[in-house]
Structure formats: C-alpha cells, structure tokens
1. Rg over Rh of region 206-275, using C-alpha atoms and the Kirkwood radius, what does it come to?
2. Assuming R0 = 41 Å, can you tell me the calculated FRET efficiency for the pair Ala49 and Ala341, based on Cβ-Cβ distance, to the nearest 0.05?
3. Using a Gaussian network for the chain with springs between C-alpha atoms less than 10 Å apart, which of these wobbles most: Gln173, Gln349, Gln100?
4. Out of Ser210, Ser133, Ser159, any idea which swings most in a Gaussian network model of the chain, alpha carbons joined below 10 Å?
5. Report D for the chain in µm² per second (integer): Stokes-Einstein, Kirkwood Rh on Cα pairs, 25 °C, 0.890 mPa s.
6. Between Arg268 and Arg196, what is the spin-label point distance in nm, taking each point 7 Å from the Cα along the Cα→C-beta axis?
7. Contour minus end-to-end for Asn218 and Arg315, with contour as 0.36 nm per residue of separation and end-to-end as the Cα-Cα distance?
8. Among Gly102, Gly144, Gly56, which one shows the highest mean-square fluctuation when the chain is modelled as a Gaussian network with alpha-carbon springs under 10 Å?
Amino acid sequence: MPDPSAFLAGPTGLGTSAVRLFAELADGAVPVHCAPGPRVTRQPPLTYAMRPWADGSMPPLYCPLTVRVDDKLATLVNERLVEWAEEIGLHEGRIEQFRQTGFGRLITLAHPDVDDPDRLLLAAQMNAAWWASDDYYADETELGADPELLAGRLALAMSSMDAPPPADEFTEQLDEHLSADPVLVSLTSARQHVARHATPSQIARVNLTSCQMWVSWNAYGAWRQSGEQVEAWRYLAARQHDSFYTSMTLIDIAGGYEVPANLFYKPRVHRAAMRAGTAAVIVNDLHSALKEAADERPDCNLVLLVAEERGCSLREAAERAVALHNDMVAAFEADCRELAALPSPELRQFLWALGAWLGGSFEWHSTTNRYSTTET
Ligand SMILES: CC(C)=CCC/C(C)=C(\C)COP(=O)(O)OP(=O)(O)O
C-alpha cells in the first residue's frame, strides 16, 4: 500500500478528497494529526511496597514506589498549566490556589516514562479540566456546584469534548455557550491538545470514559438532592466508573504510542486498568474524607459512607478502605504478571505505566495541599 502521508502534503483537484478520506480510513495508517513518537521504552520493574501515609498511624497502603520525582520538570509543567488556565480564564480569582494544588506535579509524578513537557502538559490540562468540571459543577458548593444544575451542565461538557455535527443556528447558540463558560473552554482546549497527539480511537476512548465518569457524577448529584442514604456498595459501583481510570486513558497518548483498541478493551486488560483506577481513587477518598465531610452538602466518599452505614468510627472505616485498596492493588499486580505473556510491547509498557501511575499519584496525594482542611 502506498504511504498515505505522501498524498497529504499537497495535491489538489478532482479526487483529492477521496484520497484524503482513503488515507484516514486506511487500516493501520498513522493519522496525519498524530504527532510521531514511538515511545515504547524498556523500564526497570516496579517495586511494590507497604507505604505509610498521612501521619503514619494508619495501616499502610500497598502500592508501587514512586518512579520519578523531578521537581524541576514538575514546576515547569505546572507553570505552563497555570499560564494556560490564566489564558482561558479558568480559576479566575483562585489562580494561586490552583498553582499550589500542583496538578502539573501530579502528572509529572504519574507519567514517569514521559520527559517531553508538552506531552505532560496535555495530560495536565485534561486532568485539570476534568477536575474543574468536578469542582465547579459537582462538588464545591461555594464555587457554584449545584446538584439541580449538574446534569444539564454535564450534557454540555459532553458537547465540549465531542462536538456534535453542525446544526445551523442551534450550533451558533451552542458555541456561544461553550465559549462563555471557562470550565467548558478548558475541556475543549484540553481535548484539542490531546487530539493533536492521539489517534481517532484513542480520542474516542477519552470521550467515552469521560461520559461514563459523568454518569456517576449525575448519580451522586441525584443522591445529594434527594438526601437519600446511599449504600457503600452502590457508591463504589459508581466510583469504579468515576475513577483515575479516566486519567489513565491518557497514558499511551502522552507516552507517544498506542495500545490498539481491541487490546485496550480486551476484558482482562480492561479489568486490570479498572482495578488500577479504582485503587488510585480509593487513595483519593482516604485523603479527602475530612475535607468532603466539611462541605455544607457533603460529597459521596467511601470512608464517610462506610462509617455511616456501619456506625463505626472514621478510623475503622478508613481501615476497611485501606484493606480494599490493598486487595485491589495485589489483584492488579497479579493481572500484570498474567498479561505479560501477551506479545505486545505497547501493552507491556501500558501495564507498567498503570503501576507507575499508582506510585506517582500516591506521592502527590501525600504532599498536595488540596486535601488539607486548612487549605486557603
Ligand atoms: C477529575 C478527574 C481527574 C477524574 C478522575 C478521578 C476523579 C473522578 C476524581 C479525583 C474526582 O473525585 P473527587 O471529587 O473525590 O476528587 P477530589 O477529592 O475533589 O480531588
């Protein structure tokens, strides 16, 4: 088959659009918008360990050690992230707090196989945009989050990720709305950056996972509104679709390679990635429990729900969450051993990077001021 990219530089005239379409549809062809960068590298094996957290008095979390702590690179990525937020008007009036949160640091810790600041930035922007939709729409009452408005806002968030086809004057109105809300602008802008480095199937994966995550947020919103007591199992089922798995869909995109869709969605691979995402988000619930309890309309949180349901102390509930986390990570580790037999260097790299993500996220949650109840 001729190299499709040879056609794409310039020919015009009859038949050109067919050639372009063919090039885009050709099986296995590298999409023209996908920046080159095969980055499947050999990585040293991860070390799993019992890691102390918080003040050290809780049972430790079983987790890979953090692979890379590079404060210089983290500061660079974080500063670029803050510049981007300022440009698009995200977090107006709270930009210093956003800088201190250090999402750029999280991403630098969580993607230790990526050195290129621009690729780290695409993940930092996408995560910061997801988090902005979480804070302003779902969680933080004082930032305007309102369960009554949540579903309508998230429907537009979907349009900012996956623009619907033009529909005359209705699209003009949609676009006006999308460009007037900094949260939606951040989603659109971050998604565009991701798209510059991703294949169509990777982009579809990011969109799909965002929507799955938002379905869970709608459930939390409905529960908040009705005031019903939610069982921990029901919350956990929703949380497993609203986990750092979403963030992990960016691993190969940022890394400059692709786990092919039929491998990414192979049930055993999917289960391993979901386990990693859930384990990481349980760590989030452990760190954020006290802060979330302080909101005038507390958000769902595994520790708080277990304590309420079982009538036990927060400490006992946290111990249950730690045990669940540790079982998940051990199961994920076993998944990785089993899946290592599949003959795909991309998959091996991805599985390694999922574990590395856990180690980086552990480090960030232990050091960011986002979950401190005294944060200003
Ligand atoms: C926002 C984002 C990166 C999505 C994936 C993980 C996720 C859903 C969260 C971390 C949001 O959960 P939560 O609202 O509990 O997060 P905070 O505790 O507010 O950071």
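1. When Rh is taken as the Kirkwood radius, the ratio is 1.07.
2. Details: r = 25 Å, r/R0 = 0.61.
According to the calculation, E is roughly 0.95.
3. Gln173
4. Of Ser210, Ser133, Ser159, the Gaussian network model singles out Ser159 as fluctuating most.
5. Working: Rh = 21.7 Å.
The calculation lands on 113 µm²/s.
6. 3.9 nm
7. In short, 32.1 nm is gained.
8. Gly56
Every read-out reported here was derived from the displayed coordinates using simple, explicitly stated rules and does not represent laboratory data. Keep in mind the model is a prediction, meaning the values are calculated, not measured. Note: ideal-geometry Cβ built from the backbone for every residue, glycine included; neighbour counts use all protein chains shown.
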